[in-house]
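Computed from the coordinates by the stated procedures, all read-outs in this text should not be read as laboratory data. Because the structure is predicted, anything quoted here is derived from the model rather than measured. Here Cβ is always computed from backbone atoms with ideal geometry, including for glycine, and neighbour counts include all displayed protein chains.
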Amino acid sequence: AYNRWDAWATRGNKEQAGAFQLTSPPELADELGAHGVPPGDVGIETISALAAFDEDEAREMMEADRPIMFHAPSVVRYGYSTDASNQSFAEHLLESRPQPDLFSITYILSDVAGHVFWHHYQPELYPGADRDDDRLRDAIPNVYRQLDQWTGEILDRIDPDSTVIVLSDHGMGAKRVLPRPGVNPAGDHTPEGIFVVSGHGIPGGADLGVMRQIDLAPTVLAMLDLPVAEDMPGRVVRSALPDGAYAEPQWIPSYGRGGEDLYPEGLSPADEEYRDRLRALGYVQ
């Protein structure tokens, strides 16, 4: 799938970039390649169903050859391409292979929309915003409707007895400053996200309390009746489990570091080069 990381933080060199393993097994990349949705295949009609761009914005969207940070026409089109590709990959895998023990998919379009459309969603919070222009007020709700539709298409393809989790790694809120491409967003991350779980034996309507992103992995391991590693910083959220589950905790010392063979020799996400890219994107100081 095309992703913004490739455009905004170009890897060191083409030879090195080619060493990254995108799938496991590696040959799966060739199979999935035919199911991708390139940005060039995403037309005005598709995006217009989400965001009612005017004529100038639509032209900017179609002329952009890369996503421009906090520039709504370009990032929405490229973000849609990423999610539509991942959705297509997911549907192909679920239709061509047996039901997996664990399946997950990530959508980024809600994050994109929050960054570039929040001043349209809540114009009263932005000094200088045109409160009479309702053209893009529904862009954020429209994006969530699209994600709901895609999620439903995934649920149609999995065993109906599956436990389903919906998780956001953060929330979104008004930045109260009008967006400027390449400078600042309209909406920005907030610490509070959501965690929703549904499945056989899980109490309906229960308040799961406060949890952290790092609690997800131990909790999912417990759901799969697999041991939790003692070196995991997260905890098992017992209130998210079926009644009586995980009564006898299983533990192992460690699952190991993992992923070490997926990166070129001498380069990993912990290296300074990666940290420089994250700094350039504003994710770390």
Quick check: Cα centre of the stretch 187-214 to Cα centre of the stretch 74-111, how many Å? 21 Å
Interchain or sequence-distant (5+) residues whose placed amide H lies within less than 5 Å of the amide H of Gly171 are Thr190, Glu192, Gly193
From a point 7 Å beyond the Cα of Ile214 in the direction of its Cβ, which residues of the stretch 220-234 have a backbone N at a distance under 18 Å? 220-222, 228-234
Length gained, Ile252-Ser198, 0.36 nm per residue minus C-alpha separation, equals 16.7 nm
Could you give each residue of the stretch 119-127 its phi-based ³J(HN,Hα) in whole Hz, using Karplus coefficients 6.51, -1.76, 1.60 with θ = phi - 60°, and x for Gly or Pro? 5, 7, 6, 10, x, 5, 8, 10, x
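How high is the relative contact order of the stretch 121-255, in percent, counting Cα pairs under 8 Å that sit 6 or more residues apart?
Numbers: 158 pairs, mean separation 24.4, N = 135.
So the answer I get is 18 percent.
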Roughly how many nanometres apart are two label points built 7 Å out from the Cα toward the Cβ at Ala206 and Ile44? 5.2 nm
Arg131 versus Ile154: modelled label distance in nm, points set 7 Å from Cα along the beta carbon direction: 3.9 nm
So what is the relative contact order of the stretch 153-232, in percent, for Cα pairs below 8 Å that sit 6 or more residues apart? 27 percent
